[in-house]
1. Checking the structure you have, find out if any residue of the stretch 333-348 is free of Cβ contacts under 8 Å to residues at least 40 places away in the same chain, outside any helix (DSSP H, G or I), open to solvent by less than 60 Å² (accessible area, probe 1.4 Å) and among the hydroxyl-bearing types (Ser, Thr, Tyr).
2. Please work out which residue is surrounded by the most Cβ atoms within 10 Å (Cβ to Cβ), limiting yourself to the stretch 425-440 and to residues that are within 60 Å of the chain's Cα centre (by Cα) and hydrophobic (A, V, I, L, M, F, W, C).
3. Just checking, how many residues over the stretch 191-217 are touching a residue at least 40 places away in the same chain (Cβ under 8 Å), over 14 Å from Val143 (Cβ atoms) and part of a loop (DSSP other than H, G, I, E, B)?
4. Residue by residue through the stretch 131-156, note down the ones that are assigned to a helix (DSSP H, G or I) and in contact with an Asp or Glu (Cβ under 7 Å, 6 or more places away or on another chain).
5. Select from the stretch 25-70 the residues that are touching a Ser or Thr at 6+ places or on another chain (Cβ under 6 Å) and not polar (S, T, N, Q) and write down the one among them that is surrounded by the fewest Cβ atoms within 10 Å (Cβ to Cβ).
6. Take the stretch 349-385 and flag every residue that is within 20 Å of Phe413 (Cα to Cα) and open to solvent by 70 Å² or more (accessible area, probe 1.4 Å).
7. Filter the stretch 76-119 down to residues that are surrounded by 15 or more Cβ atoms within 10 Å (Cβ to Cβ) and not in a helix (DSSP H, G or I) and give me whichever is modelled with the lowest pLDDT.
8. Does the stretch 174-182 include one or more residues that are within 26 Å of Glu524 (Cα to Cα), in a strand (DSSP E or B) and at pLDDT 90 or above?
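The values are calculated or read from the model by the stated rules, or taken from the named source; none is laboratory data. Treat the numbers as computed from the prediction; the structure is a model and nothing was measured. Note: ideal-geometry Cβ built from the backbone for every residue, glycine included; neighbour counts use all protein chains shown. Ligands, DNA and RNA are excluded from the accessible area calculation, which covers all protein heavy atoms including side chains. Shrake-Rupley method; radii C 1.70, N 1.55, O 1.52, S 1.80 Å.
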Amino acid sequence: PLPKYMELNPASIGLVQMVLSTIILVINRDFFIKGFKGAVHLAPNMDTLVAMGSGISYLWSIVILVQLWLTDRMGDTMAAIHMLHGLYFESAAMIVTLITVGKMLESMSKGKTTDALRGMMKLAPETATILFGPKEKEKTVPVEKLEVGTIFIVRPGERIPVDGVIVEGETSVDESALSGESLPVDKNTGDEISAGTINLQGFIKVRASRVGEDTSLAKIIQLMSEASATKAPAQRLADKVASVFVPAVIALAVIVVAIWMMLGQDFDFAISRGIAVLVISCPCALGLATPVAIMVGSGVGARNGILFKTASALELIGKADVIALDKTGTITTGTPVITDVIVAKSSSEEELFEIAGALEGRSEHPLAKAITARTKNTNIRIADFATVTGQGLRALVTEGGNAVLIAGGKIDFIRECIDKSVAVSSLSNDELKAVKESLNEAVYAAEELGAQGKSPMFFSKGARYLGMIAVADPIKEDSRSAIRALKEMGRKVVMISGDKQSTAEYIASLVGVDSVVAEVMPNEKDAVIRGLQKDGLVAMVGDGINDAPALITADIGVAIGAGTDIAIDAADVVLMNNKLSDVCAAVRLGKKTLRIVKQNLFWAFIYNILLIPLAAGLYATSLGGWNVSPALAAAAMSISSFTVCMNALRLNGVNIHE
């Protein structure tokens with residue numbers, strides 16, 4: 001409430017409203033600057049629409065305020081108080097404030113792309129350890145000083161500074177930062193390694209092959225930067241309408257004034273009709289149609305663990321024609337688990353896991369965690385434990401007073417260990433034949449499991465083959481149903497994977513995607529997305545660092561919430577619950593929100609079609625002399641805004657999971 005001495009002074013009340021709205025309009029002056037420029041260049045846009053609605057409301061309110069002051073000075077205070085209802089300074093302020101809040105939220109979200117780029121840049125270490133001189137002394141230098149051909153070393157646990165070729169040593173490398181695949185890759189002398197990946201086990205010497213902007217990591221960063229710069233925001237439907245609506249309304253208001261003047265009416269009557277047309281055409285309903293629906297839709301998404309960073313993301317997700325899914329961490333869990341256990345006839349599952357647990361319990365290999373998670377604490381004491389990089393593990397156990405070699409790893413490594421044990425054993429020919437048959441059967445089974453994307457590990461004890469344990473990245477529980485639901489909604493579902501073709505096709509057959517693109521390198525994913533965009537709007541769903549360029553390149557990037565911070569920063573939509581079924585929910589919510597937006601725009605136009613003729617005075621001499629003053633026009637304008645808001649609120653009752 002205003003102070004007591006102002007309650008009966010309508011001019012003071014109106015003046016306070018004018019001062020407050022003026023402050024808001026000055027703060028939001030960009031609308032008027034850009035809107036005016038758009039009009040001057042004959043390209044009216046949403047800013048022109050907002051500037052016109054807010055500006056006309058403000059200017060007409062000043063006219064009414066002057067009339068109110070004159071009326072009050074003439075002694076008719078009650079009439080002046082009644083004229084306060086004809087002021088709509090608050091409408092002028094409300095339009096620009098609401099639109100500004102929406103733009104602010106979008107502006108904040110755009111900074112996430114920069115955060116994603118910074119995160120990618122942090123993957124490469126700032127220094128490297130090089131070897132120099134005839135005695136190969138070590139020296140730490142900034143990574144920028146590395147040149148092609150320089151020999152550098154990488155110890156276990158360190159990130160690789162630049163792309164290179166291993167010249168000495170063997171190891172396993174975690175390439176998940178670039179490839180997205182959770183399983184480590186064995187590397188031997190002559191193999192290539194990439195900047196940003198992690199050396200897990202062995203000590204290696206590497207010759208730099210690509211440095212600076214030529215590394216794989218640098219190219220991914222460049223792709224992200226370029227995609228971010230070229231990706232245009234979705235053009236709002238209201239912007240398209242504004243190019244026709246704004247000049248049409250202004251022209252109509254001028255025509256109305258001219259016609260009434262030609263018909264002999266005085267200027268006050270004619271200008272009142274023209275202003276009534278502008279006021280009743282005020283784009284409150286049109287301006288609110290999209291942002292109110294978007295705000296309500298975003299709130300519904302947030303309550304269901306679906307975060308939309310921008311208004312265009314919510315608009316576009318419902319229009320997506322193609323849903324591209326990364327495999328690891330999106331369709332699958334991203335955490336290897338035991339899938340198959342094949343025990344040899346000469347052993348038992350208990351003995352197999354006892355030996356496997358004793359060996360893998362000493363290993364830091366990611367696959368070892370899947371086995372140790374299942375094996376219980378073993379009482380077996382081992383000695384001389386050794387890791388043969390890229391091959392497997394071996395150790396000695398005491399049995400009957402003798403040292404027995406136990407081993408786990410690749411089939412060729414197990415054959416070698418068994419052969420060593422056979423040489424010092426007294427096995428009969430039949431026993432030797434049985435061992436060979438077991439190994440041959442294991443190879444055949446391993447080939448079948450390998451085609452299914454599983455990684456088999458073999459184990460032996462002395463001259464006996466114990467069995468095989470296969471580990472794989474399992475499919476998420478809701479992947480099949482989510483993909484089926486997307487296809488039922490008419491979306492084309494594509495799986496993108498870095499796996500070999502046979503493995504990817506096997507996974508694709510299990511989950512039912514429409515097509516699969518396999519053996520895709522990280523810097524190729526964005527090119528795949530560009531190819532898919534020929535079929536329509538593309539939504540890319542991923543969780544890894546390697547997915548970031550594709551997430552930015554796609555029309556809508558969707559990040560699984562349990563993924564990396566870089567993927568989440570690069571995406572337009574974040575699924576906090578880490579469920580693929582939420583992609584379906586996001587699409588449904590986008591469709592329903594877009595429908596509400598279109599309904600709001602429809603009602604906004606119906607309102608204009610019906611009431612503009614009334615405001616223009618078309619019925620002033622007919623139908624009982626119907627006429628609309630600017631004050632009544634403002635009231636009608638408010639009703640249209642109320643209708644649009646209430647229609648948008650219907651989204652709160654929508655079940656997006658059905």
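1. yes
2. Among them, the one singled out is Val435.
3. 4
4. The initial filter retains those residues of the stretch 131-156 that are assigned to a helix (DSSP H, G or I), namely 143-145.
Val143 - this is the single residue of the stretch 131-156 that is assigned to a helix (DSSP H, G or I) and in contact with an Asp or Glu (Cβ under 7 Å, 6 or more places away or on another chain).
5. Ala39
6. If the condition is that a residue be within 20 Å of Phe413 (Cα to Cα) and open to solvent by 70 Å² or more (accessible area, probe 1.4 Å), then Glu354, Arg362, Glu364, Asp384 are the ones that fit.
7. Out of the qualifying residues, it is Tyr88.
8. Looking through the stretch 174-182, none of the residues is within 26 Å of Glu524 (Cα to Cα), in a strand (DSSP E or B) and at pLDDT 90 or above.
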